[in-house]
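Before any comments, here is the structure.
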Amino acid sequence: MKGCLLSAFHTVPVEVQFYVVDVIKDFIIGSVVCLFHCHRSLSPDTWLTPRCRIGVSSCVSGLMYTCDISVFVMCFRCVGANILLLTQAFRRKFIIPDFEVFASNMDQLYYSTQRQEGGHVADYIPQLAKFSPNLWGVSLCTVDGQRHSAGDTKVPFCLQSCVKPLEYAIAVHEIGTEHVHRYVGKEPSGLNSLHSVNTKLLQHKNTVLKGFPSSSSLQPNSNKAERFDYVMEYLKKMAGTEYVGFSNATFQSEKETGDRNFAIGYYLKEKKCFPENADMIAALDFYFQLCSIEVTCESGCVMAATLANGGICPITGERVLSAEAVRNTLSLMHSCGMYDFSGQFAFHVGLPAKSGVSGAVLLVVPNIMGIMCWSPPLDRVGNSVRGIHFCQELVSLFNFHNYDNLRHFARKLDPRRLSFDDRNKSVVNLMFAAYSGDVSALRRFALLAVDMEEKDYDSRTGLHVASAEVFQHFFITAYIALSIRWGNTPLDDARQFGRDGVVSVLTEYQQMYLCSNGSQSKTEDQRKLDSEGCGLS
């Protein structure tokens with residue numbers, strides 16, 4: 001249900017998103033009140049005062065007025081199943097609190113990178129040569145499911161070598177690290193390099209060839225079709241059931257032009273680098289199939305986010321990979337993922353990544369987000385020109401480099417933090433909302449976990465301001481007796497400005513709640529309210 005809600009919300013127009021937020025926002029207020037009191041097994045007549053019943057009824061009636069019953073039921077189910085997610089959103093408790101500003105910065109990086117020229121589209125696989133060099137897309141997904149995309153993010157492309165860390169993670173998850181590393185080493189060697197393919201291959205195995213041994217280790221007793229479906233199911237889970245396809249044309253093209261891969265395969269077979277009784281040709285065929293799996297930037301970034309989230313898909317909440325598998329995968333991506341540029345990338349970018357000759361770059365910011373960049377033109381070592389530039393600019397703007405100091409690096413932005421002027425802004429916004437009687441804004445502030453008792457320079461709260469204006473339908477807190485530095489309570493202000501309706505509401509609240517609580521320690525202001533509202537001296 002979480003995945004459905006996020007995916008649906010991500011695809012609708014912005015105007016509809018604001019409408020849905022307003023509807024759900026009002027619905028949550030009534031729902032929280034109902035759930036809070038129902039949890040105490042009390043009947044509605046016991047816990048709902050007339051004023052509260054009117055409020056909840058208005059909330060539900062408004063929702064019923066704007067939606068038919070099926071939409072109402074769907075909304076109720078979505079809210080019920082995603083109450084923690086919605087609470088995080090309203091309270092800005094996501095990993096990136098100010099996501100709009102962050103998305104704007106990402107757009108700027110996207111457009112500045114778009115101007116990068118150079119590179120050539122891979123043509124040694126004929127099917128890849130058909131893509132336009134002008135295609136360029138970037139999508140990101142945070143560990144909380146926040147999404148943003150820019151450019152050609154819905155165009156399918158093949159994972160190519162980007163599938164290797166995913167395949168490795170599945171193998172480690174299923175059969176364990178020790179077994180996998182009998183056949184797969186940990187050292188980088190570059191693009192299509194035979195340098196480390198030697199008698200010490202077990203100790204110095206390059207990531208380029210990782211697809212051969214690890215693919216032959218998966219489901220050893222199954223046929224080709226079952227093995228392929230097995231991996232596809234895993235990839236779909238990692239992508240949160242978003243688009244994962246297969247390009248048969250690319251598969252056939254790879255087989256017809258894979259002479260070097262066949263040569264490496266036979267050399268590995270001679271050095272006994274495959275598991276016992278493994279079929280090298282079948283393993284190579286399977287490897288070509290996996291390289292021909294298609295994703296989009298939008299589905300690929302969810303795969304990366306699953307790695308960033310420790311193996312749990314942020315869209316569905318399902319654990320797909322073990323923590324050990326993810327840790328090992330990110331370690332190898334960090335040291336071996338970018339061909340002959342791996343050392344440079346680790347030095348300048350400092351993040352786990354894997355590139356493919358289709359122009360894809362799968363980037364993981366651990367515990368924060370996953371990013372998929374795609375642009376077909378490649379540099380001389382087989383990495384996307386725009387993809388590399390984007391990653392470098394990303395860590396130049398944000399402190400995402402693994403070795404950036406999070407406390408003493410003022411030149412970079414940290415999107416994980418709220419800005420320092422939020423408190424001042426919240427006070428001003430709260431006061432203006434109270435002054436103008438903007439109930440929706442006050443509800444929104446409450447859901448965002450804004451301190452409704454924030455004070456201005458005169459120690460006036462929003463309740464003081466509301467009490468002095470012709471505004472009776474405001475939020476009453478338990479601190480109505482708070483006084484400003486001039487000694488006035490909200491009730492004093494209401495009397496001073498002749499707001500009889502407000503005086504009546506405050507007095508009623510005082511009588512219903514403060515008297516029933518029987519507070520033991522009363523300030524002078526509280527005693528004044530008690531004597532006037534409850535008849536106590």
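The values are calculated or read from the model by the stated rules, or taken from the named source; none is laboratory data. Note that the structure is a prediction, hence the values are computed from the model and not measured. Note: ideal-geometry Cβ built from the backbone for every residue, glycine included; neighbour counts use all protein chains shown. Accessible surface is based on the protein model in full, side chains and every heavy atom, while ligands, DNA and RNA are left aside. Shrake-Rupley method; radii C 1.70, N 1.55, O 1.52, S 1.80 Å.
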Residue span residue 405 to residue 187: 0.36 nm per residue of separation minus Cα-Cα distance leaves a gain in nm of 75.7 nm
Cα-derived Rg over Rh, computed across segment 278-322 with Rh taken as Kirkwood radius: 1.15
Using the beta-carbon distance between residue 226 and residue 132 and R0 = 41 Å, what value does 1/(1 + (r/R0)^6) give for FRET efficiency, to the nearest 0.05? 0.65
On the full set of protein chains, 1.4 Å probe, figure out the accessible area of residue 291 and give it in Å² to the nearest 10. 0 Å²
When all protein chains stay in place, what accessible area (Å², nearest 10, 1.4 Å probe) is found for residue 499? 70 Å²
Given the whole protein assembly as supplied and a 1.4 Å probe, what does the accessible area of residue 427 come to in Å², nearest 10? 10 Å²
In nanometres, the difference between 0.36 nm per residue of separation and the alpha-carbon distance of residue 177 and residue 381 is 70.5 nm
Gain in length, residue 111 to residue 458, computed as 0.36 nm per residue apart minus the alpha-carbon separation, to one decimal in nm? 120.3 nm
Pairwise FRET efficiency - residue 507 versus residue 417, Cβ, R0 = 45 Å, nearest 0.05: 0.55
Which ³J(HN,Hα) values, rounded to whole Hz and listed in residue order, are derived for segment 265-279 from phi using the Karplus coefficients 6.51, -1.76 and 1.60 in 6.51 cos²θ - 1.76 cosθ + 1.60 with θ = phi - 60°, glycine and proline given as x? x, 5, 5, 4, 5, 4, 7, 6, 8, 9, x, 4, 6, 6, 8
How much accessible area per residue does segment 267-398 have, in Å², with a 1.4 Å probe? 29 Å²
Determine the alpha carbon to alpha carbon distance for each of 164/412; 224/255; 186/272; 154/255; 164/236 and list only those over 21 Å. 164/412; 154/255
Mind giving me the FRET efficiency for residue 262 and residue 396? R0 is 51 Å, r the Cβ-Cβ distance, nearest 0.05 is fine. 0.75
Ignoring ligands, DNA and RNA, what percent of the accessible area of segment 92-183 is carbon or sulfur (1.4 Å)? 48 percent
Grab the other residues whose beta carbon is less than 12 angstrom from that of residue 288, score K and R as +1, D and E as -1, and report the net. -1
So what's the net charge close to residue 334: Lys and Arg +1, Asp and Glu -1, counting the other residues with Cβ under 12 Å from its Cβ? +3
Charge tally in the Cβ shell below 13 Å around residue 350, where Lys, Arg are +1 and Asp, Glu are -1, residue 350 excluded: 0
Beta carbons within 10 angstrom, averaged per residue: use that to sort the peptides 301-312, 263-274, 155-166, 244-255, highest first. 301-312, 155-166, 244-255, 263-274
